[in-house]
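The values are calculated or read from the model by the stated rules, or taken from the named source; none is laboratory data. Here the structure is a predicted model, which is why all the values come from computation and not from measurement. Note that each Cβ is placed from the backbone with ideal geometry, even for glycine, and that neighbours are counted across all protein chains shown.
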Amino acid sequence: MSDSTPARPVVVDVWCELQCPDCRTALDDVRTLRERYGDRVELRLRHFPLEKHKHSFAAAQAAEEAFEQGKGWPYVEAVLDRVEELDRKGEPVFVDAARELGLDAEEFDTALIDGRHILIVDADQAEGKAIGVTGTPTYVIGGERLDGGKSQEGLRERVEEIVDRLLAEGAS
């Protein structure tokens, strides 16, 4: 590899559910990874709505709309910061969060009604089940699955260890 060719970023799939308090806790890890690695790591939100959370499927669709409008991760953070409010108020929280971020809130409403993002969410959920995701957050890096749904203890360190190894392999 020549010096002029930038290395491909290491992809970290973050299987998440926007009504999950554990995913809100994991946001600190996601922020730290983003700060530490910058564009050497591509953090990809993958949807794994859980049946026990009745707004999680709609939340995943709303997040996809936010990515389409260019503010995916800020939106994910805004919704996760309101887990309790989402439990109480339901889907109006999605539109409120969109409005606060300066997104087209009416388009969020329309996207939830017309279901334009359902196939993405369904595909993520099916892939997650196929690779053994059972809870959220779960990270998949370089084929290794780390389940943060049971315990997040030491999880970020483990993610960083794998990313560092993959970056080193990519540089050689």
| remark: In the range 42-52, anything assigned to a loop (DSSP other than H, G, I, E, B) and either crowded, with 18+ Cβ neighbours inside 10 Å or in contact with a Phe, Trp or Tyr (Cβ under 8 Å, 6 or more places away or on another chain) (or both) is listed as F48, P49
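Does the range 78-88 contain at least one residue that is out of contact with any Pro (no Cβ under 9 Å at 6 or more places or on another chain), closer than 17 Å to W15 by Cβ and either of a type in the set (V, I, T) or surrounded by fewer than 19 Cβ atoms within 10 Å (Cβ to Cβ) (or both)? Write out each step before concluding.
To start, the set of residues in the range 78-88 that are out of contact with any Pro (no Cβ under 9 Å at 6 or more places or on another chain) comprises 78-79, 81-82, 85-88.
Keeping just the survivors that are closer than 17 Å to W15 by Cβ gives 79.
Narrowing the set further to residues that are either of a type in the set (V, I, T) or surrounded by fewer than 19 Cβ atoms within 10 Å (Cβ to Cβ) (or both) leaves 79.
So far as the range 78-88 goes, yes, one or more of its residues are out of contact with any Pro (no Cβ under 9 Å at 6 or more places or on another chain), closer than 17 Å to W15 by Cβ and either of a type in the set (V, I, T) or surrounded by fewer than 19 Cβ atoms within 10 Å (Cβ to Cβ) (or both).
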| Quick one: what pairs do we get from the range 74-88, first residue more than 18 Å from H47 (Cβ to Cβ), second modelled with pLDDT of 95 or more, C-beta under 6 Å, 6+ apart or different chains? | none
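Checking the conditions here, which among R36, R24 is touching a residue at least 12 places away in the same chain (Cβ under 8 Å) and either farther than 15 Å from P137 by Cβ or in contact with a Pro (Cβ under 8 Å, 6 or more places away or on another chain) (or both)? Step through it out loud before you land on a result.
Details: R24 fails: either farther than 15 Å from P137 by Cβ or in contact with a Pro (Cβ under 8 Å, 6 or more places away or on another chain) (or both).
Result of the check over R36, R24: R36.
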